[in-house]
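Only one structure is covered here, and it is reproduced in the block below.
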Amino acid sequence: MSIDPEYLKHQHLYVPWIEGHAIIEAGKAIGIYVAQRHKARLTIVCPLKSNANYHKEFAKLPIVTERSGQVTDGGVVLAWCPTRKLMDKIHHLKKSIVVLVEWPTENFEAWAKLVGAYNVVTREVMSANLSDDAVKALEGVVWEGYNGWHDSTAEILTTSRLKELDALGEYDRAIVIQYASHHRGQTSLQRLEKILDKFERSGAKAA
């Protein structure tokens, strides 16, 4: 994959995992290219420090892992094979350019759609195409989880919001979880997923 000047026009770039292709290496080159061209600090965000140390290009760069460090807003962030837990350290960023390079164990298509990321494979800007009513319903899901979806009342009210999404034809499990992850921690999200499981068993229609 050749380096495309189009990469410099977007705040979020998505490098999806494609089985049998060496696109992950292209993702590394894209992150370095974007940082160099913007003359910006490049921070590597990866699950373990060993994940970055394996690549000589990352050796002298700041590295943030699941267990150590925080990402300073600004500059370029290369999210290298991130986990959902690791993404908690990225959601708050407002000024940073984020290049997310996917690994097969975690799919971040929903993230790419919600942030309007540029897909370097399809060369398209991605979108969740949510209506205003769907966004309000998602905001409601997050609001009902203010206490981590801890009790039966939160479950009932959250399910009501999910029914609104379903009625709109815009229920998408991945989008709901990704949207909620921008505001709630991983333990809370595990409770939300159980609510989604129940909801889907009741006959919800995925978008």
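FYI, it's all coordinate maths here, none of it is from the lab. Remember, it's a predicted structure, so these values are computed and weren't measured experimentally. Because the Cβ atoms are built from the backbone with ideal geometry, glycine has one as well, and the counts that use them run over all protein chains shown.
Couple of notes before you dig in:
- Within region 113-181, the trypsin sites (Lys or Arg not before Pro) that combine a DSSP coil assignment with at most 12 other C-beta atoms in a 10 angstrom radius are 123.
- Mean projected area of the convex hull spanned by the Cα atoms of the chain, taken over all viewing directions: 12.0 nm².
- Convex hull projection area averaged over all views, region 105-167, Cα basis, nm²: 5.7 nm²
- Net +/- balance of residues flanking residue 190 in space, Cβ distance below 13 Å, scoring K and R +1, D and E -1: +3
- Calculated log₁₀ intensity ratio I(q)/I(0) where the Debye formula runs over C-alpha points of region 60-173, q = 0.14, 0.15, 0.18 Å⁻¹: -0.75, -0.85, -1.09
- Cut-off 13 Å between beta-carbons: net charge of the residues surrounding residue 148, Lys and Arg +1, Asp and Glu -1: -1
- Computed [θ] at 222 nm, deg cm²/dmol, the chain (DSSP H ≥ 4; -39,500 (n - 2.57); rounded to nearest 500): -12500 deg cm²/dmol
- Cα pair distances exceeding 13 angstrom across region 34-91, given as percent: 56 percent
- Only beta bridges with both residues in the chain are counted; by DSSP, about 15 percent of them are antiparallel.
- Legend: ranking of residues 15, 98, 142, 121 from fewest to most surrounding C-beta atoms inside 10 Å; resulting order 121, 142, 98, 15.
- Segments 80-93, 145-158 sorted - mean Cβ within 10 Å per residue, highest first: 80-93, 145-158
- Couplings 3J(HN,Hα) for region 40-57, derived from phi with the Karplus relation 6.51 cos²θ - 1.76 cosθ + 1.60 (θ = phi - 60°), are 10, 5, 10, 10, 8, 10, 8, x, 10, 4, 4, 4, 7, 4, 5, 10, 4, 5 Hz, where x marks Gly and Pro.
- Using θ = phi - 60° in the Karplus curve 6.51 cos²θ - 1.76 cosθ + 1.60, the 3J(HN,Hα) couplings for region 28-38 round to 4, 5, 5, x, 5, 4, 4, 5, 5, 5, 8 Hz; x is entered for Gly and Pro.
- Sites matching GluC sites (Glu not before Pro) across region 11-80 that sit in DSSP coil, with at most 12 neighbouring C-beta atoms within 10 Å: 19
- Gyration tensor verdict on region 1-54 (Cα atoms; rounded if a/c is under 1.5, prolate if a/b is larger than b/c, oblate otherwise): oblate
- Spherically averaged projected area of the convex hull of Cα atoms, region 5-125: 6.8 nm².
- Restricting region 49-78 to trypsin sites (Lys or Arg not before Pro) that sit in a DSSP loop and have at most 16 other Cβ atoms within 10 Å of their own Cβ leaves 60, 67.
- Other residues lying with their Cβ under 12 Å from the Cβ of residue 52 contribute a combined charge of +3, Lys and Arg counting +1, Asp and Glu -1.
- Taking each of 136/194; 9/85; 94/136 in turn, the alpha-carbon distance tops 25 angstrom for 9/85.
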